[in-house]
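The values are calculated or read from the model by the stated rules, or taken from the named source; none is laboratory data. Just so you know, these numbers come straight off a predicted model, no measurement behind them. Positions of Cβ are backbone-derived with ideal geometry, glycine not excepted, and every protein chain shown enters the neighbour counts.
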Amino acid sequence: MSSCASSHVTLDGVYGFDARGVAKRFRHAAIFGALESLTEGETMRFVNDHDPLPLLAQIEQRYQGQVVARYVQRDMEAVVIDFAIVPLKVAEAAASEGCGSGGCGCSGQ
C-alpha cells in the first residue's frame, strides 16, 4: 500500500491520510470518502503540502460541525491536521457558537 492513503492506525487510534500522494483532481473526493468512513470518536491525521483553507470551509459546510479540525503542524515542511468525528449533539452545540468556536480550523476570529 502506498503512503497516499493508509489504513494504518497509530497507537493512539489515529488513521493516517497523506494527501500529497493523491492526484489533485481526486483529493477532495478522497478526503470526503475517508472522513465519511470514520465513526464517532475516530480521528484522521491529514498531511498536505499546503494549508487547505478552501477544504476546511467545505468540510465545515458539508458536515456542519461534526468534523472538528485541529492543527498538529503548520509550517513550510507540511501541514498536519487531525480531523475528529464528534457526536452530533456536540456538533449542534458548536454550530450554535458560530465561527468563533474555532471548530472550522480558524483561530476563532
Counting only residues that are touching a helix residue (DSSP H, G or I) at 6+ places or on another chain (Cβ under 9 Å) and under 15 Å from Pro54 (Cα atoms), which one in the range 12-29 is surrounded by the most Cβ atoms within 10 Å (Cβ to Cβ)? Ala19
Mind listing just one residue for me: the one in the range 48-78 that is more than 10 Å from the chain's Cα centre (by Cα) and in a strand (DSSP E or B) and, of those, surrounded by the most Cβ atoms within 10 Å (Cβ to Cβ)? Asn48
Looking at (1) at pLDDT 95 or above; (2) farther than 15 Å from Tyr71 by Cα; (3) not charged (D, E, K, R), which is the one condition that is false for Thr39? (1)
